[in-house]
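Q: Quick one: the structure is below, and I'll ask about it shortly.
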Amino acid sequence: MPEAVPVISDTQAPYEMSNTWWWLSIVLLILALMPGMSQQAALTESDYYTAGVVEFQQSILSLSSWSDSLAGYVEIINSENASATDIIVFPESTLNSAGSTTFVPNPEDQINPCLIDPNATLYEEFLVTLSCAARNASKYVVINLTEKQKCEDVPEDTRPCASNGLNVFNTNVVFDRQGVVVSRYRKVHLYGEAKNSTFLPELSTFETDFGVTFGHFICFDILFYTPAHQLIVEQGITDFVYPAMWFSQLPFLTAVQTQQGWAYANDVNLLASGASRPSIGNSGSGIYHGRSGPLISVMRQDSGQRAIYVAQVPKYTRTRSQPQRVRRSAAEIQSRQVASSSSFYMKRDYLENYESEVLQLDAGTSGAINRTICQGSFCCNFDLAWRSLGTSAENGSYYSYRLGAYDGWRNENNVDANYIRNCALFTCSGDSIDDCGKLLPTEGELQQSRVTFTRLEIAVIYPESREFLLFPDTLLDSLLPLEPSQFEWSQRKPTEDSYVQEVRFGLKESQEVSNLLTFAIYGNYYDNECTFGVGTAEEQLTCGYRSGSARLRILGGWLALPLIILAVARIG
């Protein structure tokens, strides 16, 4: 009997055909996605990513209109120099102002302003345009802007609202390669800005398709535990984007000096982008790979610029990789510039509050000194040697030097304060402490060094604290810091159960430096809460310091012997 042949009814045939086409569509879709999937896998597996930070000068016209800045942003995103980048970071406060605020999508909603609002009816035109620019260039783009938010959208915030019903924030916005808003951060520590802070401080991060999770914060935030340091301690973040409009301050807090010190101490990648107007104290951008130092950095001393600086950034692994330095093009290599008061406006620290003394540098002679300077129970030991350069140009200008110690609050007015313990060698333009923390008025051949330092070492016993950060703080007269290859840094506990850190910071034995403005250990104790030796016996015990009362009473005298030992033992 012949084998039965299955019969397909009229109603079954379309089903079988559609089922076939469904599977064919899936196969075609997978084939179409494979190049993108393989590309993403390659990005994730690569041991580095390519980043660009933008040094950006906002024109005077842009202060009242965003159109000129927007055009500059888009030009940089589409530029040949930016073509290899995975992520681009723009600086703080160079896009819009309080007169042109915009709503910003909640990142949880995964909104793409370029696609859902092409006519810019929900968001301002510059936000939509930059979403499209990120999408068209297929790059992560980080911008900083002035944001508005309806107070009624935050019912838990019971603070008084402005009469127009709006909060105004200093905000970072991150677009992914498709133009989607994937992260938003609102500045916590405002620097004299007529803007709002959030009801609770924000901790903001975002993941990328190249396998790196970034944290972000803004400008003045870098000097505080929340959110900058907190993201490292509590979430283990190793990479950061950092828009800034930094107002540099001598001798300890110029822009690149601070950026490099923070990245070094925390051993993290930092992508720092700075506003560029040296005449009012703004410049300073760089890409830093932790203890390896800057991959690229810049401090402009002219009228400012609009430019992107690009580097390949090694990803952090458990073994903490070494940097793969990029070769700079000839156009990027510039002759060394010496800063003067006419080339860069500088703010000045309150150095009158330091315990300090003049370093005697007799003309034409070499010398050495070992000196301990204390303010209260906080002591700094300095071990220095120098060689005279014998320069005596007619009408030449020279820096003098002081040694100083400080244990107290930064008393800058009308901004959040942080507690510091600093040990420093710093320059002065004259004999008085009032002359310190200032650039010389002349530059070039008229500005000369009298000595070259052949040995520089600072030894300190620092008390531990619940939240604190110690970092090497240096500055040359080019307004750039020493590179990590030029110095040695040691920080350790003398015993496992002690509540102090022995810190030694010095030039490498083979190094000499003649153009030095600052050589210091910057001890940032944030709010100084739960610091060993500070407070009552009960408070010390509450903070976990055993036998705190006894150690508190003898802390001042107890520091003397370790300092003597540190002074004798050179950094190995």
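Q: Long-range amide H contacts for Phe103: which residues qualify at under 5 Å (H placed 1.01 Å from N, peptide plane, sequence gap of 5 or more or a different chain)?
A: For Phe103, the qualifying residues are Glu124, Lys148.
Q: Tell me the relative contact order for the range 122-171 as a rounded percent, counting alpha carbon contacts under 8 Å between residues six or more apart.
A: Working: 30 pairs, mean separation 18.5, N = 50.
With pairs under 8 Å counted, the relative contact order is 37 percent.
Q: Further question: Rounded, prolate or oblate: which fits the range 178-250, taking a ≥ b ≥ c as square roots of the Cα gyration tensor eigenvalues, rounded meaning a/c under 1.5, else prolate when a/b beats b/c? Could the numbers behind the result be given before it?
A: Details: a/c = 1.68, a/b = 1.50, b/c = 1.12.
Because a/c hits 1.5 or more and a/b exceeds b/c, the range 178-250 counts as prolate.
Q: Taking amide H atoms as placed 1.01 Å from N in the peptide plane, list the residues 5 or more away in sequence, or in a different chain, whose amide H sits under 5 Å from that of Arg300.
A: Gly284
Q: If I take every Cα pair under 8 Å that is 6 or more residues apart in the range 58-147, average their sequence separation and divide by the length, what percent do I get for the relative contact order? Write out the running numbers ahead of the final one.
A: Details: 111 pairs, mean separation 35.4, N = 90.
It comes to 39 percent, rounded to a whole number.
Q: Would you work out the relative contact order for the range 418-549, in percent, from Cα pairs under 8 angstrom that are 6 or more residues apart? Please report the intermediate quantities before stating the final value.
A: Numbers: 230 pairs, mean separation 46.0, N = 132.
Dividing the mean separation by the residue count of the range 418-549 yields 35 percent.
Q: 5 Å is the cut-off here: which amide hydrogens, built 1.01 Å from N in the peptide plane, fall below it relative to Gln447, excluding neighbours closer than 5 in sequence?
A: It is Ser397, by chain and number.
Q: OK, next. Relative to the present Cα-Cα distance, how much length would full extension add between Ile60 and Leu200 at 0.36 nm per residue of separation?
A: Working: separation 140, 0.36 × 140 = 50.40 nm, distance 3.44 nm.
Gain in length upon complete extension: 47.0 nm.
Q: Between the range 79-103 and the range 407-486, how many Å separate their Cα centres?
A: The range 79-103 and the range 407-486 have Cα centres spaced 32 Å from each other.
Q: Moving on. Which parts of the range 452-475 would a label at Thr495 reach, counting a residue when its backbone N lies under 18 Å from a point 7 Å out along Cα-to-Cβ?
A: Answer for the range 452-475: 461-464.
Q: If you don't mind, another one. Taking the Cβ-Cβ separation of Ser432 and Asp362 as r and a Förster radius of 25 Å, what is the calculated FRET efficiency to the nearest 0.05? Numbers along the way, then the final one.
A: On the way: r = 19 Å, r/R0 = 0.76.
Calculated transfer efficiency: 0.85.
Q: Each label point is 7 Å from the Cα along the Cα-to-Cβ direction; what then is the distance between the points at Asp157 and Glu352, in nm?
A: 3.8
Q: Under the classification rounded if a/c is under 1.5, otherwise prolate if a/b is larger than b/c and oblate if not, where does the range 338-453 fall, given a ≥ b ≥ c as square roots of the Cα gyration tensor eigenvalues? Numbers along the way, then the final one.
A: Values: a/c = 2.96, a/b = 1.29, b/c = 2.28.
Because a/c hits 1.5 or more and a/b fails to exceed b/c, the range 338-453 counts as oblate.
Q: What pairs in Lys187/Lys315; Lys315/Lys347; Lys139/Lys493; Lys139/Lys438; Lys187/Lys508; Lys148/Lys315 have C-alpha atoms more than 32 Å from each other?
A: Check vs 32 Å cut-off fails for Lys315/Lys347; Lys139/Lys493; Lys139/Lys438; Lys187/Lys508; Lys148/Lys315.
Throughout, read-outs are computed from the coordinates displayed, never taken from laboratory work. Treat the numbers as computed from the prediction; the structure is a model and nothing was measured. Glycine gets a Cβ as well: all are built from the backbone with ideal geometry, and neighbour counts include every protein chain shown.
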